[in-house]
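Working notes, beginning with the structure itself.
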Amino acid sequence: MGANTAIEWTQATWNPIVGCSVISPGCTNCYAMRMAARLEAVRPGGHYAGTTQRSKAGTVWIGKVAMAPDHILTAPLRRRKPTTYFVNSMGDLFHEAVPDEWIDRVFAVMALSPQHTFQLLTKRSARMREYLRSRGTCIPIGSRQEAERLSGEDPGAMRHPLPNVWLGVSTEDQERADERVPALLVTPA
């Protein structure tokens, strides 16, 4: 399972991809930057390695992203109890450095875990919209093959959008809301 959390609007976090970069003023006090540095210090050489650096202002993201090991990626597949997961609390799934193939893998796990609800927040709503528009009405073949590899069974024609995936954008001010919300509203979800 992902980590239990004190975040009041979710039950657990699941971080199959970590890392980010500062994109707007709302990133200034990002708890995940500081947490990533602590996790890297506790587990040197782990998948958080090199995602942050120290600066005069404190710890900052440097734009490096990393895919978590398979046991983290597949954790929701092993949990039977319905759980609400905040996906990528330690990064942005739609960061420009995250390859579509990695996002495909995350969506394959979510498709194979219909008992769970997955909450995705991004500051990159345009990329989220384009990624999901490019997928049409079915999960892409790469994801279907990945889903079969992960679960040991053919997932069949997984329909898109997934009803157990809730998409959202984070907005710290009206300017960012005006940028991000319109893209969210036309995202197939």
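The values are calculated or read from the model by the stated rules, or taken from the named source; none is laboratory data. The shown structure was predicted, so the numbers you read here are calculated from the model rather than taken from an experiment. Cβ atoms come from the backbone with ideal geometry, glycine included; neighbour counts cover every protein chain shown. Note: accessible area is taken over every heavy atom of the protein model, side chains too, but ligands, DNA and RNA are not part of it. Shrake-Rupley method; radii C 1.70, N 1.55, O 1.52, S 1.80 Å.
Can you tell me which lysines have their Cα less than 28 Å from the Cα of K56? Leave out same-chain residues fewer than eight positions away.
Of all the lysines, those that pass the test against K56 - Cα under 28 Å, at least 8 places apart if same chain - are K64, K123.
So how exposed is R34, as accessible area in Å² (1.4 Å probe, rounded to 10)?
That residue has around 110 Å² of solvent-accessible surface.
Once the whole set of protein chains is in place, how much accessible area is left on M67, using a 1.4 Å probe, in Å² to the nearest 10?
Here the residue's solvent-accessible area equals roughly 40 Å².
Compute the Cα gyration tensor for the chain, then decide on rounded, prolate or oblate, letting a ≥ b ≥ c be the square roots of its eigenvalues: rounded whenever a/c is under 1.5, prolate when a/b is larger than b/c in the other cases, and oblate in all that remain. Please report the intermediate quantities before stating the final value.
Values: a/c = 1.74, a/b = 1.26, b/c = 1.37.
Here the chain falls in the oblate category.
How much of the accessible area of the chain, probe 1.4 Å, is carbon plus sulfur, in whole percent? Don't skip to the answer; put the middle values down first.
Details: 5010 of 9290 Å².
Exposed carbon and sulfur together represent 54 percent of the surface.
Given points 7 Å out from each Cα along the Cα-Cβ axis, report the A49 to N164 separation in nanometres with one decimal.
3.3 nm
Under a point spin-label approximation (7 Å from Cα along Cα-to-Cβ), what is the C30-V42 distance to one decimal in nm?
Inter-label distance under the simple model: 2.0 nm.
Probe of 1.4 angstrom, ligands and nucleic acids ignored: what's the accessible area per residue over segment 33-107, in square angstrom? Could the numbers behind the result be given before it?
Numbers: 3670 Å² over 75 residues.
For segment 33-107, the solvent-accessible area averages 49 Å² per residue.
Say R0 is 30 Å: what FRET efficiency, to the nearest 0.05, do D178 and T84 get from their beta-carbon distance? Display every interim value, and only then the final one.
Values: r = 29 Å, r/R0 = 0.96.
E(calc), rounded to 0.05, equals 0.55.
C20's amide H: which non-local residues (gap 5+, or another chain) put their own amide H closer than 5 Å, with H modeled 1.01 Å from N in plane and none for Pro or chain starts?
HN-HN under 5 Å from C20: I62, G63, K64.
With all protein chains present and a 1.4 Å probe, how do R38, R180 order by accessible area, largest first? Could the numbers behind the result be given before it?
On the way: R38 130, R180 10 Å².
Accessible-area ranking of R38, R180, largest first: R38, R180.
Given a Förster distance of 22 Å, report the FRET efficiency between T5 and H71 from their Cβ-Cβ distance, rounded to the nearest 0.05.
Values: r = 19 Å, r/R0 = 0.87.
After rounding, the FRET efficiency stands at 0.70.
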